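Inspection log for the structure reproduced underneath, given as structure tokens.
The values are calculated or read from the model by the stated rules, or taken from the named source; none is laboratory data. Worth saying up front: this structure is predicted, and the values here are computed from it rather than measured. Note that each Cβ is placed from the backbone with ideal geometry, even for glycine, and that neighbours are counted across all protein chains shown. In case anyone asks, the SASA skips ligands and DNA or RNA and just uses the protein heavy atoms, side chains included. Shrake-Rupley method; radii C 1.70, N 1.55, O 1.52, S 1.80 Å.
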Amino acid sequence: MELILNKFFYLEKLNDKQKEAVEALDGPVLVLAGAGTGKTRVLTTRLAHLLNKKLSMPWEILAVTFTNKAANEMKERVQNLLKIDIDRMWIGTFHSTGLKILRRHSELCSLKSDFTVIDTDDQQRLIKQILESNKIDIKKYTPSNVLWMVQWFKDKAILPEESSKYKFKFGRSINISKLYIEYQERLKTLNAADFGDLLLLPVRIFRENLDILKKYQNQFKYILVDEYQDTDTCQDTFLKLLSQKYKNICCVGDDDQAIYSWRGADVKNILSFPEAYKEVKIIRLEQNYRSTDHILAAASKLIEKNKDRLGKTLWTNSSNGEKIKLYFFEDGKDEAKNVSLEIETLKLKKLKLDEIAILVRASFQTRLFEDRLLKIGIPYRVIGGFRFYERLEIRDAIAYFRIVFKNSDDLALERVFNTPKRGLGNTTLQKLFKYARESKMNLLDASKKIIETDELTLNARNSIKTFIDDINKWKSKINKINHIELAKIILEESGYTRMWINDKSIEAPGRLENLKELISALKDFSNMNEFLEHISLVMENERNYKLDMVNIMTMHAAKGLEFENVFLAGWDEGLFPHQKSLEEKGTQALEEERRLAYVAITRGKKNVFISFAKRRFIHGTWNFSQPSRFLSELPKENIDTNESFFQDDDDLVVNEEEYGSRVKNPNRLLFQNKKDLVENINSYESEYKFKIGDTIFHEKYGYGKIKYIIDGKYEIIFDKLNETKIVLENFIKHA
């Protein structure tokens, strides 16, 4: 192969550390590439350098990454540098590489070379068949949950016959190992493989066929790996097997940006790399080309608190940047209002909306920002997910509300007729829809009529009758209880909330949080019809979007992106770091949450705004919180704020007897003294006709006494409940 280039001109564009990483071609190399330090340039230049020095032929290099976009970008850059044909190069994702190997040796796994790679829907359908054939209750042990457990085995490189020693808490009463074995056998019968097999089966082939392993070990003289911190056990095993001969493996990654453990990624892979490859050369890329000095100093100081890291400190030649701005707001609505005002100011300065991002820890947080931006006419997009009102669970819930509060809404009824499952198959539903069309009736009236005929089976008629009775019952309550309470009843009695509680998929907790946030959203409207009209405007706004938009996303979705101005909202203890994560995984989770904070801060190029709210109305109740512990870990010299959050523990109010009833976790109370807290609460009294201490009567809960009044929400201790409830003004004063 004759190369056009004779000089290594591309090295001149690199800084000293980047150049060192490109030229360290012999033996194992670990490049710790901090955020914005040019890791992609290092990877592609290193690959080109190997070819340009004629150390290998194109097919003797294996380069793996996580996305097709990254792989294509790598190919394009190498081709632009060397002006050569690189079609024979092994550049691709982990799974495309595994698929290529598996196609060649499929018979060793009892598959034909034209085997099918099935998607998630087919996987769940297959597992459902297996569960039913084993007489296992698919409502208790859902196919999606069993699939998650099977995928866990595959991510950990555990073969079916090795799986019996592993026990799952959820699956104690079922034999997951047996189901895994049967699932794999069914795949063989179907001449199919799933996504997890694309790496697990090549690993199996390598372990059981040393001659084939040696063939690939001899072929791949050099191995390059992108985003190494995101690898799972199976991917890491795959790399270790292939690199055993030459050990010319170069892994580029950042242990400080390992934030995907919930997807199977294991940060231990990058942390233990020096132990796995004793003669490793570690090169740290620390010069950042993205952010200002204050942003980098704050991020570096924060991440230093983590113990499980190999260590590096970001720096930049860009000085005199703006300090990180830290804002304290009264509540979540106040936060959304002021963030949007800041965005309006940036817009008036002719800054592009595309260069503005709002990053949140949990997806339900986006709702307040979406509503506010919609209200003031600033276009936005949600990256890495749907807009709040576009999400499946929100659309389903709204469909239920439309059925009850509107006279007839066939589209809404059709959407949820069998969601959750009511034993109505496609044949039954098609008969019902046909009956409605031919009778020229709306779907609800047609349903009432068809159950009086013999058109459907007895079970189907009974299911439809039960659903109709529920709808009529909910409609009868419209003028008796407020729309918020009725919405809760609809979601509970329909079984919709329970459906997601029973669903053990990774998305289920987020969907439940979103449903609770939807209930919170209803408090901003005096009735359900007003809310449904608002939704219509939201949907219309989505159709008339512009290209220049504010970006809203979770911190996880923001990894790899960068923006001129970044707003980091909701830095409240319990929300971020996330309380549930801390409860489940302790210190390990805390360090990953801190890495997430580091990733979030380093998305900003010029300005970073961090906000904390003293209280939030979350899932129907007020939560009083203290600032995230991460705020106190930021260096004061890089922060611009008028509030003080570096206070002594003695300033904390922790009076569970007096305040525990209105705070989920009294240890998370806002830093302030008791006198200020009581005055703050009592100051709301004068705005409302009821007073603290009044005895009232509520039609649902009976007699009670008003304990606090906060923003029109009354916290009342009810006699018969012996507990507090936060309710709206849906009661009368008792003389």
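List of remarks:
- Residues in region 261-273 that are surrounded by fewer than 20 Cβ atoms within 10 Å (Cβ to Cβ) and either modelled with pLDDT of 95 or more or part of a loop (DSSP other than H, G, I, E, B) (or both): 264, 268, 271, 272.
- Test: residue in region 113-135 that is more than 29 Å from residue 219 (Cβ to Cβ), loosely packed, with under 14 Cβ neighbours inside 10 Å and small (Gly, Ala, Ser): yes
- Filtered residue count, region 502-516, keeping only those that are touching a helix residue (DSSP H, G or I) at 6+ places or on another chain (Cβ under 6 Å), open to solvent by less than 40 Å² (accessible area, probe 1.4 Å) and not in a helix (DSSP H, G or I): 1
- Members of region 169-188 that are over 22 Å from residue 114 (Cα atoms), out of contact with any Ser or Thr (no Cβ under 9 Å at 6 or more places or on another chain) and either at pLDDT 95 or above or surrounded by 14 or more Cβ atoms within 10 Å (Cβ to Cβ) (or both): 170, 171, 174, 179
- So residue 464, is it under 13 Å from residue 405 (Cα atoms) and open to solvent by less than 10 Å² (accessible area, probe 1.4 Å): no
- Residues considered: 618, 610, 601. Of these, the only one that is open to solvent by 10 Å² or more (accessible area, probe 1.4 Å), in contact with a helix residue (DSSP H, G or I) (Cβ under 9 Å, 6 or more places away or on another chain), among the hydrophobic types (A, V, I, L, M, F, W, C) and touching a residue at least 40 places away in the same chain (Cβ under 8 Å) is 618.
- Any hit, region 45-66, residues being under 25 Å from residue 241 (Cα atoms), in contact (Cβ under 8 Å) with a residue 12 or more places away in the chain and among the polar types (S, T, N, Q): yes
- Selection over region 26-47 of residues that are open to solvent by 10 Å² or more (accessible area, probe 1.4 Å), at pLDDT below 95 and in a loop (DSSP other than H, G, I, E, B) gives a count of 3.
For every residue, the table says whether it meets (1) within 30 Å of residue 586 (Cβ to Cβ); (2) not in a helix (DSSP H, G or I).
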residue: 195; (1), (2): no, yes
residue: 199; (1), (2): yes, no
residue: 207; (1), (2): no, no
residue: 214; (1), (2): no, no
residue: 279; (1), (2): no, yes
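- Some residue of region 48-67 being among the charged types (D, E, K, R) and surrounded by fewer than 17 Cβ atoms within 10 Å (Cβ to Cβ): yes
- Test: residue in region 178-189 that is over 19 Å from residue 129 (Cβ atoms) and out of contact with any Leu (no Cβ under 8 Å at 6 or more places or on another chain): no
- From the options 481, 471, residue that is within 18 Å of residue 424 (Cα to Cα) and among the aliphatic types (A, V, I, L, M): 471
- Every condition in (1) open to solvent by 60 Å² or more (accessible area, probe 1.4 Å); (2) within 23 Å of residue 570 (Cα to Cα) is met by residue 363 except one, and the failing one is (1).
- Qualifying residue in region 353-375 (condition: of a type in the set (Val, Ile, Thr), under 25 Å from residue 562 (Cα atoms), in contact with a strand residue (DSSP E or B) (Cβ under 7 Å, 6 or more places away or on another chain) and modelled with pLDDT under 90): no
- Candidate set from region 95-122 (those that are outside any helix (DSSP H, G or I) and among the hydroxyl-bearing types (Ser, Thr, Tyr)); member that is nearest to the chain's Cα centre (by Cα): 116
- Some residue of region 84-94 being in a helix (DSSP H, G or I), over 25 Å from residue 560 (Cα atoms) and modelled with pLDDT of 90 or more: no
- In region 526-554, of all residues being at pLDDT 75 or above and more than 19 Å from residue 398 (Cα to Cα), the one that is farthest from the chain's Cα centre (by Cα) corresponds to 548.
- Taking each residue of region 310-336 that is closer than 16 Å to residue 565 by Cα and open to solvent by less than 30 Å² (accessible area, probe 1.4 Å) and looking for partners that are of a type in the set (S, T, N, Q) and not in a strand (DSSP E or B) with beta-carbon atoms closer than 9 Å, six or more apart or interchain, yields 321/291; 321/292; 324/638; 324/641; 326/641; 326/642.
- Enumeration of residues in region 570-588 that are in a loop (DSSP other than H, G, I, E, B), touching a residue at least 60 places away in the same chain (Cβ under 8 Å) and under 15 Å from the mean Cα position of the chain (by Cα): 575, 576
- Test: residue in region 249-260 that is among the charged types (D, E, K, R) and either open to solvent by 10 Å² or more (accessible area, probe 1.4 Å) or within 22 Å of residue 27 (Cα to Cα) (or both): yes
- Here residue 614 passes the criteria (1) over 17 Å from residue 291 (Cβ atoms); (2) assigned to a loop (DSSP other than H, G, I, E, B) except the one numbered (2).
- Residue under evaluation residue 291, criteria (1) out of contact with any His (no Cβ under 8 Å at 6 or more places or on another chain); (2) assigned to a loop (DSSP other than H, G, I, E, B); (3) surrounded by fewer than 20 Cβ atoms within 10 Å (Cβ to Cβ), criterion not met: (3)
- Number of residues in region 264-318 that are under 28 Å from the mean Cα position of the chain (by Cα), acidic (Asp, Glu) and under 27 Å from residue 157 (Cα atoms) equals 2.
- Each residue in region 551-569 was checked for being open to solvent by 10 Å² or more (accessible area, probe 1.4 Å), part of a strand (DSSP E or B) and of a type outside the set (D, E, K, R), and 2 pass.
- The residues of region 145-166 that are closer than 23 Å to residue 230 by Cβ, in a helix (DSSP H, G or I) and open to solvent by less than 20 Å² (accessible area, probe 1.4 Å), listed by number, are 147, 149, 150, 153, 154.
- Filter result for residue 374 (under 30 Å from residue 601 (Cα atoms), part of a helix (DSSP H, G or I) and in contact (Cβ under 8 Å) with a residue 40 or more places away in the chain): yes
- Residue match in region 348-355 (condition: closer than 30 Å to residue 429 by Cβ and more than 24 Å from the chain's Cα centre (by Cα)): no
- Looking only at residues of region 383-420 that are of a type in the set (D, E, K, R) and assigned to a loop (DSSP other than H, G, I, E, B), we find that the one that is most open to solvent (accessible area, probe 1.4 Å) is 406.
- Search result, residues across region 421-450 that are in a loop (DSSP other than H, G, I, E, B) and farther than 29 Å from residue 140 by Cβ: 440, 441, 442
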